[in-house]
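Presented below is the structure to which this report refers.
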């Protein structure tokens, strides 16, 4: 097994832990992948928000899947918050692959959809629901009673958010893992600047960046969404923030060095939680 550290000259390497495990000992998770540690040294950076950088997005996905498979074997009824978009696709692909190979059982696992577009039928291929059922929930055979999901066209939007919030609390403990992506404007889930102060599930107006997301290609009439609030998200035992692709290079830089904008709100909130940023080289290219 080959584990590589590459630390740019402008950065200083320090120690980091992953669920209490020193970085130098996590080779068993990487399966020979090239792994880079980037520690930001500048005073204006968010001290506790630094990325672990892999060579490719698929490498990030394998790493996450390895960690999830170990978690699911250790905690058979684990609770996972799951996001949508390009960033988590490789992770879901490899989680399903490990499941099919017998690495863990999904018979007791529980999942929670992080957000959903309002006004888009759940069976629309562009919906978050369709995304997750196609790539993760369906392949793992997760029944509805172990999957908490926002309705995309509820009669009572506020009531629907309250239902999801109560069902999350009814799980009896915080999420064991929360998988998030980083938005083009620095948001996570559908929580934008002011929404970072909303601790519970709520309806949110989509930002311009969110409305231009590739998942909404072909439609201009989706302007709002339902999302878990920062309180529920940040109470998770660990948050894996997935940042991949060249388009996320500036958002990641702003997250770490950002001023008083959406990215700074996100960074401030993320400092409250146990967050691990996992990026590929393309996303880390602006650091």
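The values are calculated or read from the model by the stated rules, or taken from the named source; none is laboratory data. Since we're looking at a predicted model, the values are computed, not measured. When we count neighbours, we look across all protein chains shown, and the Cβ atoms used for this are built from the backbone with ideal geometry, even at glycine.
Observations, loosely collected:
- Strands (runs of 3 or more DSSP E) (entirely within the range 191-260) containing at least 2 residues that are modelled with pLDDT of 85 or more and within 21 Å of residue 159 (Cβ to Cβ): 202-205, 224-227
- Residues satisfying the stated conditions in the range 153-171, i.e. assigned to a loop (DSSP other than H, G, I, E, B) and under 23 Å from residue 124 (Cβ atoms): 153, 154, 155, 156
- Verdict on residue 204 being more than 27 Å from residue 61 (Cβ to Cβ) and surrounded by fewer than 18 Cβ atoms within 10 Å (Cβ to Cβ): no
- The listed residue being surrounded by fewer than 21 Cβ atoms within 10 Å (Cβ to Cβ), closer than 17 Å to residue 233 by Cβ and touching a strand residue (DSSP E or B) at 6+ places or on another chain (Cβ under 8 Å), out of 197, 171, 182: 171
- Only a single criterion out of (1) at negative phi; (2) in contact with a helix residue (DSSP H, G or I) (Cβ under 8 Å, 6 or more places away or on another chain); (3) part of a loop (DSSP other than H, G, I, E, B); (4) in contact (Cβ under 8 Å) with a residue 60 or more places away in the chain is not satisfied by residue 120, namely (2).
- Number of positions in the range 80-102 that are within 14 Å of the chain's Cα centre (by Cα) and over 22 Å from residue 279 (Cβ atoms): 0
- Options 111, 131, 150; residue that is surrounded by 19 or more Cβ atoms within 10 Å (Cβ to Cβ), modelled with pLDDT of 95 or more and part of a loop (DSSP other than H, G, I, E, B): 150
Residue-wise test of (1) in contact with a helix residue (DSSP H, G or I) (Cβ under 7 Å, 6 or more places away or on another chain); (2) modelled with pLDDT of 50 or more.
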| position | (1), (2) |
| --- | --- |
| 24 | no, no |
| 68 | yes, yes |
| 76 | no, yes |
| 94 | yes, yes |
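- Selected residue (criterion: modelled with the highest pLDDT) from residues of the range 40-66 that are assigned to a loop (DSSP other than H, G, I, E, B) and under 16 Å from the mean Cα position of the chain (by Cα): 50
- Members of the range 101-116 found to be in contact with a helix residue (DSSP H, G or I) (Cβ under 8 Å, 6 or more places away or on another chain) and farther than 30 Å from residue 205 by Cα, listed by number: 103, 104, 105, 106, 108, 109
- The one condition in (1) in contact (Cβ under 8 Å) with a residue 60 or more places away in the chain; (2) surrounded by fewer than 23 Cβ atoms within 10 Å (Cβ to Cβ) that residue 84 fails to fulfil: (2)
- Members of the range 87-108 that are assigned to a loop (DSSP other than H, G, I, E, B) and surrounded by fewer than 16 Cβ atoms within 10 Å (Cβ to Cβ): 101, 102, 105, 107, 108
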